[in-house]
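J.: To start, I am sharing the structure in question, which I have written as structure tokens.
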Amino acid sequence: MRVTLCAATYQRPEGLRQLLKAVAELRLEDCGAVDVAVVIVDNTSGGDAAEIVQHFAENYPWPLHYLNEKRRGITFARNAALAKAGAMVSDAVVFIDDDEYPDSRWLEALLRRWHESGAAAVLGAVQPVFPAGTPDWIVSGRFFESHSFEDGASLDDAHTANVLIDLKVLRQHDLVFDHRYALTGGEDTMLFRGLLDAGERIVYAADAVVFETVPRSRASLGWLMKRWYRTGNIEAALFIRGDEGSLRLRTGNLLRGLLRVGAGSSLFLANLLVLGFGRRERMVRPLYTLCRGFGILASTLGRDYREYQEVHGT
């Protein structure tokens, strides 16, 4: 069996070093015969990460490949990774981000769940790691924690922060990352929705854990509100997916957005009256609904937030 681990990187040299070091320490004693390769796709125009990858490649435990995808956008980088994995005749491709690093048993857990389930994709857990000085309300509010599920549970969504995909199934359905979401994000949501629409399954591996380093620039209310706004953009796009010209669906999106804005505003005011500013995490929580509602409205009117134009954790 051949597995290719892929990560796109953009101006995060320290994150890339941490990722490559942790991947080199993966343990695969219980996986049987597995050929592992690692692909790093540098999405800078100048090939900024080439020297880092070359340094690690000299004594790396597995083949380490470097690609320079000069076209800016996460979809271009991830599709380049898919093409490289396909050229190496891989059975599965595994995605991880350049601001993450895996537990030593991470890949082993993904592969075990894949074999046991026969699913087209396996999603793992992501645990945030906060810098010193992070406000207490951000940690206690658990705003950066991904949803957790029962081990082996079937899912209706996934992301590329920690996922294994059966490459043959992906090719069978002719699925790649949609370049319309190159700078906005949400390209992974759309790809996995395509798998589900094709009748495939996504399952959860609770013990396949990676750790996400949260930079100071993200540990703030401003960044959280932008992220929630962007998730509203993607929710709006999903609602009209495949029928973007439908006036009925666009009207439905406007109504859904207005309802969320109204609900979020009401909850925020209610919390303010009852709690004041004493429990900040409780005050912030309704802003998720409010920002998501504004994101739905904005996307319906053609105003999407381009999250990947900003770089955090450089």
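The values are calculated or read from the model by the stated rules, or taken from the named source; none is laboratory data. Predicted model only: the values in this text are computed from it and were never measured. Cβ placement follows ideal geometry from the backbone for every residue including glycine, while neighbour counts extend to all protein chains displayed. Side chains included, ligands, DNA and RNA excluded: accessible areas come from the protein's heavy atoms. Shrake-Rupley method; radii C 1.70, N 1.55, O 1.52, S 1.80 Å.
J.: List the aspartates and glutamates whose Cα sits under 12 Å from the Cα of residue 226, skipping any in the same chain fewer than 8 residues away.
T.: Excluding near neighbours in sequence, the set is 304, 307, 310.
J.: Which shape class, rounded, prolate or oblate, goes with the range 204-314 when its Cα gyration tensor gives a ≥ b ≥ c as root eigenvalues, a/c under 1.5 marks rounded, and past that a/b bigger than b/c marks prolate?
T.: On the way: a/c = 1.90, a/b = 1.16, b/c = 1.64.
Verdict is oblate for the range 204-314.
J.: Just to confirm, what accessible area per residue do you get for the chain at 1.4 Å probe, in whole Å²?
T.: Details: 14760 Å² over 314 residues.
Heavy-atom accessible area per residue stands at 47 Å².
J.: For the chain, what is the Kirkwood hydrodynamic radius in Å, using each pair of distinct C-alpha atoms?
T.: The answer is 20.5 Å.
J.: Same structure again: DSSP loop (so not H, G, I, E, B), at most 16 other Cβ within 10 Å: list which chymotrypsin sites (Phe, Trp or Tyr not before Pro) in the range 130-191 pass both filters.
T.: 149
J.: Once the whole set of protein chains is in place, how much accessible area is left on residue 197, using a 1.4 Å probe, in Å² to the nearest 10?
T.: Only protein atoms counted, so the area is about 100 Å².
J.: Here is a further query. Counting only protein heavy atoms and a 1.4 Å probe, tell me what percentage of the range 67-180's accessible area is made up of carbon and sulfur. Could you put the intermediate results ahead of the total?
T.: Numbers: 2480 of 5040 Å².
The computed percentage sits at 49.
J.: Given 37 °C and 0.692 mPa s, compute D for the range 146-245 with the Stokes-Einstein relation, Rh being the Kirkwood radius over Cα pairs; round to the nearest whole µm²/s.
T.: The estimated diffusion coefficient comes to 214 µm²/s.
J.: Treating the angle as unsigned and between 0 and 90°, give the value, to the nearest 10°, between the Cα long axis of helix 187-197 and the longest Cα principal axis of the chain.
T.: The helix 187-197 is inclined about 80 degrees to the chain.
J.: Taking the Cα centre of the range 32-83 as origin, sum charge times position over the Cβ atoms of Lys and Arg (+1) and Asp and Glu (-1), and report the length of that vector in debye to the nearest 20.
T.: Details: 4 positive and 6 negative charges, 63 e Å.
Charge dipole of the range 32-83: 300 debye, to the nearest 20.
J.: Mean separation of Cα pairs under 8 Å and 6+ residues apart, divided by the residue count of the chain: what relative contact order is that in percent?
T.: Rounded, it is 20 percent for the chain.
J.: Take the range 5-92, compute every pairwise Cα distance, and split them into 5 Å bins from 0; I just need the percent in each bin.
T.: Values per bin, smallest distances first: 3, 14, 26, 24, 20, 10, 3, 1, 0.
J.: May I ask what percent, to the nearest 5, of DSSP beta bridges between residues of the chain are antiparallel?
T.: Here the antiparallel bridges make up roughly 30 percent for the chain.
J.: Per-residue ellipticity at 222 nm for the chain, helices alone: DSSP H runs ≥ 4 residues times -39500 (n - 2.57), over residue total, nearest 500 deg cm²/dmol?
T.: Helix contribution divided over all residues of the chain: -14000 deg cm²/dmol.
J.: Let me ask another. Roughly how many whole Å is it from the C-alpha centroid of the range 239-262 to that of the range 5-69?
T.: That distance is 41 Å.
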